[in-house]
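The values are calculated or read from the model by the stated rules, or taken from the named source; none is laboratory data. These numbers were taken from a predicted model, which means no experiment stands behind them. Heads up, the Cβs are rebuilt from the backbone with ideal geometry, glycines too, and the neighbour counts pull from every protein chain shown. With ligands, DNA and RNA removed, areas are computed over all heavy atoms of the protein, side chains included. Shrake-Rupley method; radii C 1.70, N 1.55, O 1.52, S 1.80 Å.
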Amino acid sequence: MVESAWLAAARLAYQLAAEILARAGREITDHAKLKDATAKYCENYKDRWCKVKPIGLDQPIDLADVYVPVKFADRSYLRRKLTPGQYASQFGERRGGLSYIDHDERTDGLKLAQSTQYLNVLGQPGAGKSTFLRRLGLAALDPTEKSRFGRDLLPVYIELRSLGGIPRKTVLDALAHEFSIAGFFEARRFVQDAMACGKLLVLLDGLDEVSPAILRRIVVEISDLVDQYPRNRYVTSCRTKFYEGDFHRFKDAVVLDFNEDQVKKFITNWFAREDCEFKTAEKLIQLLEDQGNRSTLELAHTPLLLNFICVVYSENQDLPRHIASLYRDALDIYLRKWAAHKRLSHPERQPRMSVELELQMLSEIASVLFKDDAIAFERVRIIELMKSFFDRQVDYGKSLSADDVLQEIEVFQGILVQRASDVFTFAHLTLQEYLTAFHLKQHNQIAPIIHQRLTEVRWRQVFLLLASMGPADFLLDQMAVASNSLLSKSQHLRELVAWVNGVVLPTKDPCEFAQRRAVALFGYLNYAAPESLNIRLGHYSSSMMFARLGAEFFDPTGESAIDGSLAFKEGFVRIVHDQGILRLNIHEFSEIDRRQPLRLTALKVFGFSNSDSNWHKEDQLALRDFLIAWNLILDCKNAAVSVTKNAWRRVSTRFLSND
């Protein structure tokens with residue numbers, strides 16, 4: 001809201017206050033003082049509740065500048081009767097957040113608040129519950145938005161965690177305090193008069209943040225207020241897992257993860273102040289939409305982490321090249337930074353264990369489940385894995401209850417999330433992948449998992465994370481060994497490798513030798529291979545892929561003579577002819593009879609017969625897996641913190657090698 005809008009809000013608040021006092025039969029003895037008090041009340045709301053300070057940002061930003069309308073689903077969606085397997089098959093492949101809900105099941109938050117007198121807002125940590133409640137108050141103060149609630153209301157926002165401590169403070173005390181500090185005369189009486197005529201929008205935020213010692217009292221007080229003053233509108237908020245159905249008159253609704261349109265809108269709003277010149281939002285959106293950043297985009301569907309990503313990008317004008325550091329920071333937000341940011345501390349809550357031990361436990365659970373191809377799982381499976389972990393710990397074997405630990409993680413961290421009746425997942429698939437990679441590295445399990453899972457698409461992100469966690473020499477070396485072991489699956493593939501090594505002219509540089517082998521393979525697959533083979537290979541047979549293979553093996557900086565020109569026959573002829581890298585009669589290939597199919601000429605030039613190119617299904621799959629593996633090796637090299645020259649020479653030597 002601009003300054004003129006806040007002046008209008010102050011006038012509206014004055015009119016409401018005057019109406020409340022008139023209905024209560026109280027005479028206004030000093031109109032100027034009442035105007036000052038209502039203006040101060042609006043100013044306090046603006047200064048205290050209309051600014052947000054994301055983790056990592058030194059200065060707060062205006063709520064209205066970044067707010068994106070949130071979507072809700074009825075709480076009943078958490079009671080869907082699905083097995084973990086059914087849930088994973090329906091939603092698990094969507095990187096747009098594992099709490100995916102169909103469009104027609106999503107309800108706009110402001111419309112829901114307009115139509116619901118008693119609303120209980122549920123959601124995971126960082127889902128935007130507090131921001132939503134504050135935005136409702138802002139909407140009530142803005143005269144242009146008052147129609148959203150059907151009538152004029154005076155908003156009162158209370159952080160329920162403020163009710164703890166000494167002296168004892170009731171919910172009514174907290175409501176009165178908001179008016180008292182603005183200069184209202186007899187503030188408590190004013191609140192009671194306002195509630196008696198149904199003129200308040202009562203916003204009670206963070207039931208889960210109330211000290212357990214006073215929680216039951218606060219629940220009873222809120223219920224009594226609603227019963228005593230039912231004509232007001234009430235909105236409460238609580239973390240989903242914490243809520244036990246305390247408010248029987250309230251409609252429960254769950255805040256959903258952002259969809260991609262909401263992510264884009266949030267980024268656009270976040271960078272609006274600097275975008276006129278630099279187009280920062282557009283650049284970040286394009287970066288997140290890049291196929292290589294899809295896992296980061298998945299994190300962005302949670303408002304808390306999207307804020308974090310915007311801060312990181314604002315500081316660096318890029319996302320970290322080594323993605324493991326970004327995901328570790330995101331995980332750390334769940335483990336400790338969010339509670340610290342909200343100043344939450346409940347020493348009476350048990351159990352307590354170090355963040356380091358919790359990280360070890362979560363990484364073991366993530367890894368075991370990921371190896372079982374489980375991205376969704378039952379509660380009993382988590383409890384079983386926690387008990388197994390605790391039983392092996394010297395100091396925690398008997399002092400920690402797996403049920404209590406899971407409850408603590410669900411309620412206060414949100415790393416593990418209930419998605420259906422008895423279906424749980426990690427908050428983000430990306431976090432499960434990170435924790436899996438962390439566990440493999442910590443426990444020296446990299447080599448076995450490479451030989452077991454190298455060509456499985458689901459494991460691709462885990463290998464990229466392993467590469468970005470530190471020096472990648474051992475990882476790449478093992479991947480190259482495992483890739484070459486795939487050759488044993490197909491006699492036809494071994495014969496192709498033998499042909500490649502036969503036509504390539506030798507060179508002392510192993511990286512250049514690998515490039516020449518890539519060029520030869522490119523030539524065969526693009527000009528001599530049957531169409532059925534290229535269909536089976538899919539995008540792994542594209543010209544640019546082989547151009548990339550050649551370029552990256554030849555020159556780790558990516559600058560090479562092999563480029564997009566390889567997409568055309570003339571480019572291939574030029575490279576082979578100019579650099580003299582293959583034992584082929586390339587002139588015959590370049591001067592083909594236009595009436596003769598290109599493939600027949602290529603077969604003749606390459607020394608193959610038609611029968612040599614009959615690839616059976618198992619041969620095609622072996623070649624596809626081989627190409628998947630080597631593409632992944634190149635991606636891991638690019639993602640790695642460091643790769644030594646000697647290690648990369650060893651890897652290059654193994655590409656399409658007979659050894």
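Protein heavy-atom accessible surface, 1.4 Å probe, per residue over the stretch 616-656: 38 Å². Averaged over its residues, the stretch 1-53 has an accessible area of 55 Å² per residue, based on protein heavy atoms and a 1.4 Å probe. Annotation note: chymotrypsin sites (Phe, Trp or Tyr not before Pro) in the stretch 178-247 located in DSSP loop regions with a Cβ neighbour count of at most 16 within 10 Å are 185.
May I ask you to give the percent of accessible area on the stretch 183-268 that is carbon plus sulfur, with a probe radius of 1.4 Å?
50
With 26 Å as the limit, the listed pairs 129/251; 387/441; 251/387; 40/265; 53/637; 489/645 have 251/387; 40/265; 53/637; 489/645 beyond it between alpha carbons. Taken one residue at a time, the phi angles of the stretch 446-459 give Karplus couplings (6.51, -1.76, 1.60, θ = phi - 60°) of 5, 4, x, 5, 4, 5, 8, 10, 4, 9, 7, 4, 4, 8 Hz. Gly and Pro are set to x.
Taking only protein heavy atoms and a 1.4 Å probe, the accessible area of the stretch 280-332 is 42% carbon and sulfur.
Taking only protein heavy atoms and a 1.4 Å probe, the accessible area of the stretch 398-466 is 46% carbon and sulfur. Looking at the stretch 191-240, the accessible area is 28 square angstrom per residue; that uses a 1.4 Å probe and ignores ligands, DNA and RNA.
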